[in-house]
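The values are calculated or read from the model by the stated rules, or taken from the named source; none is laboratory data. Because the structure is a prediction, the values reported are computed rather than measured. Cβ placement follows ideal geometry from the backbone for every residue including glycine, while neighbour counts extend to all protein chains displayed.
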Amino acid sequence: MRSVIIAAALVLSPLAGAADYELDPAHSYVYFAIDHAGLAKSFGRFNDVQGTLSMDREAGTGSLAVTIAAESIDTNHQKRDDHTRSPDFLNAVEFPDITYKADKVTFNGDTATVEGELTVLGTTKPVTLNVSRIVCGNHVIYNYEACGFDATATVKRSEFGMNYGLPQAVGDEMQLFISAEARKL
Amino acid sequence: MENLLSNPAVQAGFLPFGVALLVALAFRPVGYRLGAGLALLAGLLATLWAIQAGFVFPPRASTQKLVLLTLLALPLGLLLHLLPLKPRVSVPLVAVLGMVAALWLVWPVLARAEGAALWLLALGTALYVGWQAAAFDGLEDKPQRVLSSATVLGFGTGGAILFGASAKLAQIGLALGAAAAAVALLYLLLARDGAGRLFTFPLSLLAGLVGVAGLVYAKLPWYALALLAAVPLAAYLPLPEPWNKRVQLVVTGLLALLPAAAAVLLTWQAEGGVPL
């Protein structure tokens, strides 16, 4: 299983220039869904997500760097979690970090496309995030500038060398569902 | 056919057993000991192919390192088989090779460890693999009994790791057991010669490394490895000389089963069922 966290934040501030943000780990979620035995989807999430990003919406540029702790995978079943951390899947001890780095963002209103590279099991492949919702403004609780977004992506775990359970027991395509908040630095 | 080859029981059991049996039979004319080693490696390589363990050079992951070491075990084992090395040379030699291989396998974790944890990990893993390699090499004068010890070590390692959360590593261990079992069966049926260094070196090295991988990268408890370390000792236990070699092979296997079964049972108790 693979999880990629990509935080894309867009600056809607009236001020020009790039703005730097830091992901709020407590309010950033990466969920995944993958086919199990051809019967139904299995779901899970990663509980340790950290990252920074920089955006200049007026210039149409941005970059981001996200790190996910592979061992933080959580499928609400201890044995399954142990299995996904093993060399059969994420090999979390040998490859503790899953990273995503992007330096190309294409804005389209309150949506965007983020093109970057995902690294899992020491293998790096291009992955595109489809950001379906971007909201920026003053945080109503903590009174600081923040942005939030929703994004999705699809990856094939076999492209990263993760082929256990293929083709029938565990699917190849993973759908990623990301919702994140980032605080302006 | 594709469905058959994607069945884990076929991948780790029937396939390596069948391939090893065929290779051992085919190579009988060139020598039973040589054939035993080739059969073991052929059976294991068949499993590695079936589970798509992947040959990558340079290897990035531990499973890829196991594939490379399997391929290297062939020329190294052949060299050990052909050279007239006395035990006082071969035993420490294979021990050192095993220790180096172990450290290479766990290097990503060693590089991050510090202090006592670093030394414990380095010494523990190196000594385990070095011990297995040395213990099996010392059984050169018991070429029949080594077959059953080897079979039990493979099955015991694979069985314990299966409960220790890695099916892929378990399949490699089980494949070693299945391939060794094929050679042992051939001996039981034909009562020819036993196994030489082309068999004992790859078997002990790879079973040891799979055990270490299970400890470091999965959830195999350390005490399971400690129990598996006792498996080759079964072949050293004195048995009455008048006993037929076939009987000695079977009795050795039953004795070796004790610590191996304990390793599997304790891992099951500690970690629960097999991976989902």
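Below, the figures for the structure above:
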item: Qualifying residues in the stretch B:68-79 (those that are buried (at least 21 other Cβ atoms within 10 Å of the Cβ) and of a type outside the set (Ser, Thr, Tyr)) - the one farthest from the other protein chains (Cβ to nearest Cβ); result: B:77
item: Some residue of the stretch B:137-144 being within 20 Å of residue B:261 (Cβ to Cβ) and assigned to a helix (DSSP H, G or I); result: no
item: Qualifying positions in the stretch A:120-161 - closer than 15 Å to residue A:174 by Cβ and either within 14 Å of chain B (Cβ to nearest Cβ) or among the charged types (D, E, K, R) (or both); result: A:120, A:121, A:123, A:125, A:156, A:157, A:158, A:159, A:160, A:161
item: Meets criteria (under 25 Å from residue A:86 (Cα atoms) and either in contact with a strand residue (DSSP E or B) (Cβ under 7 Å, 6 or more places away or on another chain) or more than 14 Å from every other protein chain (Cβ to nearest Cβ) (or both)) for residue B:268; result: no
item: Spans of strands (runs of 3 or more DSSP E) in the stretch A:28-130 with at least 1 residues over 13 Å from the mean Cα position of the chain (by Cα) and of a type in the set (S, T, N, Q); result: A:40-46, A:49-56, A:61-69, A:97-108, A:111-120
item: Filter result for the condition that a residue is more than 14 Å from every other protein chain (Cβ to nearest Cβ) and either within 14 Å of the chain's Cα centre (by Cα) or closer than 16 Å to residue B:50 by Cα (or both), over B:167, B:150; result: B:150
item: Unmet requirement for residue A:131, which otherwise passes all of (1) over 26 Å from residue A:38 (Cβ atoms); (2) surrounded by fewer than 16 Cβ atoms within 10 Å (Cβ to Cβ); (3) aliphatic (A, V, I, L, M); (4) out of contact with any Gly (no Cβ under 9 Å at 6 or more places or on another chain); result: (2)
item: Any hit, the stretch A:76-96, residues being in contact (Cβ under 8 Å) with a residue 24 or more places away in the chain and either touching a Cys at 6+ places or on another chain (Cβ under 7 Å) or more than 14 Å from chain B (Cβ to nearest Cβ) (or both); result: no
item: Pairs, first within 14 Å of chain A (Cβ to nearest Cβ) in the stretch B:108-136, second buried (at least 23 other Cβ atoms within 10 Å of the Cβ) and assigned to a helix (DSSP H, G or I), C-beta under 6 Å, six or more apart; result: B:125/B:102; B:125/B:212
item: Complete set of residues in the stretch B:211-227 that are within 14 Å of chain A (Cβ to nearest Cβ) and assigned to a helix (DSSP H, G or I); result: B:211, B:212, B:213, B:214, B:215, B:216, B:217
item: Failed item, numbered, when residue A:154 is tested on (1) of a type outside the set (A, V, I, L, M); (2) in a strand (DSSP E or B); (3) over 28 Å from residue A:36 (Cβ atoms); result: (3)
item: Enumerated helices (runs of 4 or more DSSP H) restricted to the stretch B:1-52, each holding at least 1 residues that are within 14 Å of chain A (Cβ to nearest Cβ) and without any contact (Cβ under 8 Å) to a residue 12 or more places away in the chain; result: B:2-5, B:32-50
item: Residue count for the stretch B:228-254, restricted to those that are free of Cβ contacts under 8 Å to residues at least 40 places away in the same chain and either within 14 Å of chain A (Cβ to nearest Cβ) or within 17 Å of the chain's Cα centre (by Cα) (or both); result: 1
item: Every residue from the stretch B:255-265 that is farther than 9 Å from residue B:234 by Cβ and either surrounded by fewer than 17 Cβ atoms within 10 Å (Cβ to Cβ) or within 14 Å of chain A (Cβ to nearest Cβ) (or both); result: B:261, B:265
item: Selected residue [in a helix (DSSP H, G or I) and within 14 Å of chain A (Cβ to nearest Cβ)] from B:176, B:162; result: B:162
item: Candidate set from the stretch A:140-185 (those that are within 22 Å of residue A:118 (Cβ to Cβ) and among the β-branched types (Val, Ile, Thr)); member that is nearest to the chain's Cα centre (by Cα); result: A:178
item: Hits in the stretch B:185-217 (condition: modelled with pLDDT of 95 or more and of a type in the set (Gly, Ala, Ser)); result: B:204, B:207, B:208, B:211, B:213, B:214
